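Coordinate-derived values only; no laboratory data. None of these values were measured; they are calculated from a predicted model. Glycine also receives a Cβ, built like all others from the backbone with ideal geometry; neighbour counts cover every protein chain displayed.
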Amino acid sequence: MKGIRIALALMVAGAGAVPAFAQFETTTRTVNKRGTTAAEFLSIPIGARATGMGSAVTATIDDGTSIYWNPAGLAFADGGFTGEYAQWLADIDLNFMSVVLPTGAGTFGVGITSMRTPEMEVTTVADQNGTGETFTASSYALALAFGRSLTDRFAIGSSIKVINERIWNSSATGVAVDIGTNFVTPFRDIRLGASISNFGTKMQITGDDLLVRVDVDPNNGGNNESNRALLKTDRFDLPLVMRIGMAGEVYDDDRSRVTLAIEALNPNNSEQYLNAGAEIGLLGDLIMLRGGYSELLLDDNVRSFTLGAGLRYRFEPLNFAFDYSFEAQEFFTDVNRFTLAVQF
């Protein structure tokens, strides 16, 4: 009888363990890698032309924004200046500027990415309506890039960047490198591109805002109750991402062309996904129409379909390019981007 009771107890315990384990397993499946890296602004796509094509440009980018997407694209870029402005989420300004200079040894480029919040009021537990002070948060990346063609079909590129993030009186700094390649295949000049971005140091925020007053022995009266202490924050990886893309013309003549592009991404702060896009050039690329879709096959995607357009005009000895893109967001305000490029 005693053995039967023990057996029944084990069966009941086992039956309870099955749903408990299943519940635990289901809970862990919902955990993803979003928000697990520092300098998340480096994951925000750059350039109205690129975003208009669903950010599927690793194999086809050949302008000043190559510094962000694939530095090997600098090998095919003309010299000049590129500037972008985007009103990001919650009134956050996102800007990018680059200067590209071709030389006999290859093409050099300098790019600056900046993101800045508007001023916000400082609130505390004691002053929930505000202390009268204000603060801002900002993120910057300064990159020096180089691209070179090794043959008429194969190019390589790399960049090194310094990254800084600041909120009020505290900041974090890191260093990263990007590398990339471009290859034009003999088959209908289909282009292949690959890049690895943001391979670098971890970032740790430090500063005066982490100074606090503590009582090291609250149970002992008469001791110093206002010791100064520094809170130590954790160190976080940069948003490392590997991109592999392919692009080619499905129609091309003297007056118009249609380019299709697709790429796969493997980031360390999200699951793997695809970007796809198309670009139509009319009147010898005087007018450009674009469309695409970002973060395909990603369950918790933030971005979705994109649209874009561009104009090209030559005013000797300069070329002017103006691009616009619309990027639909799943949960936030849709994003409009404007890019102006002057090439020589």
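With neighbour counts taken as other beta-carbon atoms within 10 Å, the residues Arg49, Arg116 rank, fewest first, as Arg116, Arg49.
Before rounding to the nearest 500, sum -39500 (n - 2.57) across all DSSP H runs of length at least 4 in the chain and divide by the residue total; then give [θ] at 222 nm in deg cm²/dmol. Display every interim value, and only then the final one.
On the way: 3 runs with 37 residues, N = 344.
It lands at -3500 deg cm²/dmol.
Label-to-label distance, Val177 versus Asp254, with points set 7 angstrom from Cα along the beta-carbon direction: 4.7 nm.
Is there a pair in Lys161/Lys202; Lys33/Lys202; Lys33/Lys232 whose C-alpha atoms are over 21 Å apart, and which pairs would that be?
Working: Lys161/Lys202 13 Å; Lys33/Lys202 16 Å; Lys33/Lys232 23 Å.
Correct reply: Lys33/Lys232.
For the chain, a Gaussian network of Cα nodes joined below 10 Å ranks Leu89, Leu260, Leu144 by mean-square fluctuation, and the top entry is Leu89. Normalised by the number of residues in the chain, the average gap of Cα pairs under 8 Å and 6 or more apart makes the relative contact order 18 percent.
Can you work out the FRET efficiency for the pair Met242 and Asn164, with r the C-beta to C-beta distance and R0 = 25 Å, to the nearest 0.05?
So, using R0 = 25 Å, E works out to roughly 0.55.
For Cα extents along the principal axes in Å, the value computed from the atomic coordinates appears in the list [x] 88, 64, 38; [y] 62, 48, 44; [z] 64, 54, 38 under label [x].
At a Förster radius of 22 Å, what calculated FRET efficiency corresponds to the Cβ-Cβ distance of Phe344 and Gln87, to the nearest 0.05? Present the calculation step by step, with values, prior to reporting the outcome.
Working: r = 29 Å, r/R0 = 1.34.
Efficiency, from the Cβ-Cβ distance: 0.15.
Need the full-extension length gain, Arg153 to Lys202, defined as separation in residues times 0.36 nm minus the C-alpha distance. One decimal, nm. All intermediate terms of the calculation are to be shown ahead of the outcome.
Details: separation 49, 0.36 × 49 = 17.64 nm, distance 3.57 nm.
Full extension of this stretch gives 14.1 nm more.
Since only Ile156, Asn301, Leu230 are under comparison, the one whose Cα sits farthest along the positive direction of the charge dipole of segment 48-343, derived from C-beta charges on Lys, Arg, Asp and Glu, is Ile156. Rounded to the nearest Hz, the phi-derived 3J(HN,Hα) couplings of segment 330-344 under the Karplus curve 6.51 cos²θ - 1.76 cosθ + 1.60 (θ = phi - 60°) are 6, 10, 10, 5, 4, 10, 10, 10, 10, 10, 10, 10, 10, 10, 9, where x marks glycine and proline. Extending 7 Å from Cα along the Cβ direction at Asp300 and again at Val99 yields two label points whose distance is 4.1 nm. Counting neighbouring beta carbons within 10 Å and listing from fewest to most, the residues Trp88, Trp168, Trp69 come out as Trp168, Trp88, Trp69.
Set the Förster radius R0 to 30 Å, insert the Cβ-Cβ distance between Phe322 and Leu144 as r into 1/(1 + (r/R0)^6), and round the FRET efficiency to 0.05.
On the way: r = 27 Å, r/R0 = 0.89.
After rounding to 0.05, the efficiency reads 0.65.
Taking Gly221, Gly277, Gly193 as the candidate residues, the one with maximal mean-square fluctuation in a Gaussian network model of the chain, Cα springs under 10 Å, is Gly221. In a Gaussian network model over the chain where Cα atoms closer than 10 Å are linked, find which of Glu327, Glu263, Glu133 has the largest mean-square fluctuation. It is Glu133. To the nearest ten degrees, helix 2-29 and the longest principal axis of the Cα atoms of the chain are 30 degrees apart.
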